[in-house]
1. If you place +1 on the Cβ of every Lys and Arg, -1 on the Cβ of every Asp and Glu, and leave all else neutral, what size is the dipole of region A:38-181 about its Cα centre, to the nearest 20 Debye?
2. Between A:239, A:11, A:110, where does the largest GNM mean-square fluctuation fall for chain A, given springs only between Cα atoms within less than 10 Å?
3. With a 10 Å Cβ neighbour count serving as the proxy for reagent exposure, in which order, fewest first, do A:186, A:127 appear?
4. Do the sum for chain B: with -39,500 (n - 2.57) for every DSSP H run of n ≥ 4, divided by all residues, what is the mean residue ellipticity at 222 nm, to the nearest 500 deg cm²/dmol?
5. Mind jotting down the three principal axis lengths of chain B based on Cα atoms? Whole angstrom, largest first.
6. Give the order of B:135, A:187 when sorted by the count of other beta carbons within 10 angstrom, beginning with the fewest.
7. Setting aside same-chain residues fewer than 8 positions from residue A:112, which aspartates and glutamates have a Cα under 17 Å from its Cα?
8. Restricted to Cα positions, what overall size does chain A have along the principal axes? Three whole-Å values, descending.
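Any read-out appearing in this document is the output of simple, stated calculations on the displayed coordinates, not a laboratory observation. These numbers were taken from a predicted model, which means no experiment stands behind them. Cβ placement follows ideal geometry from the backbone for every residue including glycine, while neighbour counts extend to all protein chains displayed.
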Amino acid sequence: MFAAILLFAAVVGVLLFIAGRFGGKRDRVVAYLYLAPVVLMLSVGLLYPGVRTIYESFFNAAGDAFIGIDNYKTIFTDSEQLVVLRNTAFWVLLTPFAATGVGMLYAILVDKAKGEAFAKALIFLPMSISFVAASVIWKFMYEYRPDQGNVKQIGLVNQIIVWLGGKPVQLLIDSPLNTFLLIAVMIWIQAGFAMTVLSAAIKAIPDDIIEAARLDGVGPWGMFRFVTLPAIRPAVIVVITTIAIGTLKVFDIVQTMTGGRFNTSVIANEFYSQSFRSANQGLGAALAVVLFVLVIPIVVYNIRQLRRSEA
Amino acid sequence: MTTATPLTTTPPVAVDKKESAASKAKKKLTSPWASLVAIIIAVLWTLPTFGLLISSFRPERAIKTSGWWTWFSDPTFTLDNYRSVFDPDAINLADFFLNSIVITLPAVIIPLCLASLAAYAFAWMKFPGKNFLFIAIFALQIVPIQVTLIPLLTLYVDMGIANTFWTLWLSHSAFALPLAIYILHNFIKEVPSSLIEAARMDGAGHVAIFFRVLLPLLTPALAAFGIFQFLWVWNDLLVSLTFAGSPEISPLTVQLSNLSGTRGTAWHLLSAGAFVSIIVPVTVFLLLQRYFVRGLLAGSVKG
């Protein structure tokens, strides 16, 4: 570990030393020196593998015969893969809006309230723990015990169902309910992010606008509708798109909670199963490319919105 | 912003006209319903973690036969679960904990060093192809990690570094660079150019400017991204599962995920294991959340 850190510190040191010899007279040489390691790492670590994966997505399972767009055909026609696509759609349509909604509501409710910092930390804390740990936490919430006289529920959700007079449910096995329960975990993690960004945006609204609206007799709902929401609109878009991108790539939650079984798989998880478990490299690569293609429009929209809000 | 400052219970003494108008309006807004909703959300967001935390201190039999909420009427306390997950002959979390640290530190420091050089070049130097390069690096943020994994794995095998920490250090560093350069560039750009000009007038070269002028100003940004990257690497599962196949180099997340799959009902081990993996990121988060939030805001909304 220390060897690696020292090695990279040495690389930076050598670069700085060489740069120092030029004494700031020749920007061009120094700039290229500064950028060289970054460009090298990005080319080898992101650019080349990305291109390579696109290429491999046109090959068969073993990666030795060109099969054209067959892998993509499989993704869009095979019944199992269609479930994967359907689940991914559920995830991307539900998570960003639900997490942003909860985050925004909470940010407004605790704004300027007593103990705001503490109240915010409660919601924000799940963001700092791993998706794996979050999955363990929620698996315990969803835990199921068969409905027999002396067996007690140990998962809170099923216990609440029992308290309400219902029968315990195999929450993580029943499809499509299980997919929505996994999505709830992602919402739980991401709401803190939404709240933090939106809270900052809300606090940035100039006081005189709020004051003027108040003098005009605008009520709490009107305040939200006509003052707060328009003012934080750019931030809301950034939050929704950021969470949407994160949701598309979500792998850990599905992997840890169900392993993609019981019809819960999503593209990011299916990619892993196909590439490393089913040894179907071609299909795995194609799934990764589909993921990539789905991310692009969200990012482009995001950047355009950012530009417009800056203009 | 979100600093965990202790709550003051004494009301402000000097209440001027403006404040009273504001507090009046606030009273109108903070109806009991609003507080109730806020409390419900707070409870929903805290209860799952709290339940597992309580469980991690309950005896194995108790966890498996009764809900954690019964603990309030029948409190029992044991450290056995934590002892079991650290048992060197079984779960052995101590080794995985160490692996997590060994993986995370270089994976934070390497991209920080390289990205600050690049961000400096982009912010304060003139060279041909600057805009194109900057946009290209920014655009690389949209490449999902999934797209890179299999070719990288092949590459690491060919280079003979498969199943070493190098695969994780290099991958995490490469994946972090686009965002790191973007965030640091945003911060460096805000440094007044007169400061740089003045240093240049005094005959300082790029190296001197970087270390004496920029580095002190940049510390909050470096901290912000450092925490960001720390949490990301510490919490990662996908990259580790792909490259760190053998237990000698697997981090905590991999072992916890394995446990969850193979011993899905061993709640005494899972709950303790989860909290061992949570301790470090939550501590880092609580101590440095101000910087973390800054990084978050710089990365998502500008300004």
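1. It comes to approximately 580 debye.
2. A:11
3. Numbers: A:186 24, A:127 21.
Ascending Cβ contact count within 10 Å gives the list A:127, A:186.
4. On the way: 13 runs with 213 residues, N = 303.
Rounded to the nearest 500, it is -23500 deg cm²/dmol.
5. 73, 73, 31
6. Values: B:135 10, A:187 21.
By the 10 Å Cβ count, ascending: B:135, A:187.
7. A:207, A:208, A:211, B:19
8. Principal axes ranked by extent give 76, 65, 41 Å for the Cα atoms.
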